[in-house]
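The values are calculated or read from the model by the stated rules, or taken from the named source; none is laboratory data. The model shown is predicted, which means the values in this text are computed figures rather than measured ones. Glycine gets a Cβ as well: all are built from the backbone with ideal geometry, and neighbour counts include every protein chain shown.
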Amino acid sequence: MKLFFIIFIISIPSIALDFDTQKVSYQAKINEISYTANFSFTNKSKSDVTIERLTPSCNCIVPDVVKKTYKPGEKGFVDLTFNFQRRLGLQQNRLLVYLKGQKKPMTLVLEVEFPKPYTYSQKFLTWKGTDRQKKHLTLNFHKDFNASASLQEGKNEIPLEINLIKVDDQQYKISATPKKDIKKGRYRTDIVITQENKPSRISTVYFILN
């Protein structure tokens, strides 16, 4: 006698949205102040899906959706706007997407790489022993960063002779010569970075005598 086993598979529809991508990477430009990433999705389940809430990892990112409920097969998108606010380097922010009937949220990631508006050949100059020779470093502006540099008044009274010379629109030379009566230690000078119609930035260069 042959026995036949019938296995019934109960299919429970998943309550989720199928995103084209859950991570967007972007290379920011030097003068940009914000960027909006678009995360497209499709409701591939057999029931309506409702977005209950969107929770960003930082108040610098603002999410937006056209509506909250999507029928089976319906497409939609989540816009995520990142307000830059003078950030530098690689920045990664997350958005938690909570769906009705689903305890665990979906995660969207917006990754932005910010270019440095300016760099130094080095951030400090060092003298050892009786060395008191003039030394220099360079301040280099990004090609799309239009600015000028100057020594901050009243903040550079240190026992070194400091000079800042403009080489061209993208480079400044900063030279320093220790005075004869200087003591061993760590000194600093502040450089003012100025752009038209924007707040000035302060950058610091260090001098170390061992």
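Determine which member of the set L99, L80 is within 18 Å of the chain's Cα centre (by Cα), of a type in the set (A, V, I, L, M, F, W, C) and either over 21 Å from V24 (Cβ atoms) or modelled with pLDDT of 95 or more (or both). Every option except L80 fails the conditions.
Of the residues making up the range 87-118, those that are among the charged types (D, E, K, R) and either buried (at least 18 other Cβ atoms within 10 Å of the Cβ) or touching a residue at least 24 places away in the same chain (Cβ under 8 Å) (or both) are R87, R94, K100, E111, E113, K116. Consider the range 166-205 and keep the residues that are of a type outside the set (K, R), in contact (Cβ under 8 Å) with a residue 12 or more places away in the chain and not in a strand (DSSP E or B). The one that is nearest to Y120 (Cα to Cα) is Q170.
The set of residues in the range 152-190 being under 22 Å from P117 (Cβ atoms) and either in contact with a His (Cβ under 7 Å, 6 or more places away or on another chain) or among the charged types (D, E, K, R) (or both) consists of K155, K166, D168, D169, K173, I174, R188, D190. Test N146 against the criterion of being on the phi > 0 side of the Ramachandran plot, without any contact (Cβ under 8 Å) to a residue 60 or more places away in the chain and part of a loop (DSSP other than H, G, I, E, B), and give yes or no. Considered against the rule, which asks whether it is on the phi > 0 side of the Ramachandran plot, without any contact (Cβ under 8 Å) to a residue 60 or more places away in the chain and part of a loop (DSSP other than H, G, I, E, B), N146 comes out as no.
Kindly indicate whether K134 is surrounded by fewer than 16 Cβ atoms within 10 Å (Cβ to Cβ), closer than 30 Å to E161 by Cα, within 24 Å of the chain's Cα centre (by Cα) and basic (K, R). No; evaluated as a whole, the condition is false for this residue.
Yes/no per residue for (1) out of contact with any helix residue (DSSP H, G or I) (no Cβ under 8 Å at 6 or more places or on another chain); (2) modelled with pLDDT of 95 or more; (3) assigned by TED's automatic domain parsing to the domain that holds R86; (4) closer than 27 Å to T130 by Cβ:
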site	(1), (2), (3), (4)
K155	yes, no, no, no
P159	yes, no, no, yes
S175	yes, yes, no, yes
K179	yes, no, no, yes
K184	yes, no, no, yes
V192	yes, yes, no, no
K198	yes, no, no, no
V205	yes, yes, no, yes
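Results for (1) modelled with pLDDT of 90 or more; (2) surrounded by 14 or more Cβ atoms within 10 Å (Cβ to Cβ), shown as yes or no for each residue.
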{"residue": "M1", "(1), (2)": "no, no"}
{"residue": "I10", "(1), (2)": "no, no"}
{"residue": "K23", "(1), (2)": "yes, yes"}
{"residue": "E52", "(1), (2)": "yes, no"}
{"residue": "V62", "(1), (2)": "yes, yes"}
{"residue": "Y70", "(1), (2)": "yes, yes"}
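Taking N38, is it exposed (fewer than 14 other Cβ atoms within 10 Å of the Cβ) and farther than 16 Å from T107 by Cα? No, not satisfied. Within the range 176-197, the residues that satisfy the criterion of being more than 31 Å from the chain's Cα centre (by Cα) and surrounded by 13 or more Cβ atoms within 10 Å (Cβ to Cβ) are A176, T177, P178, I182.
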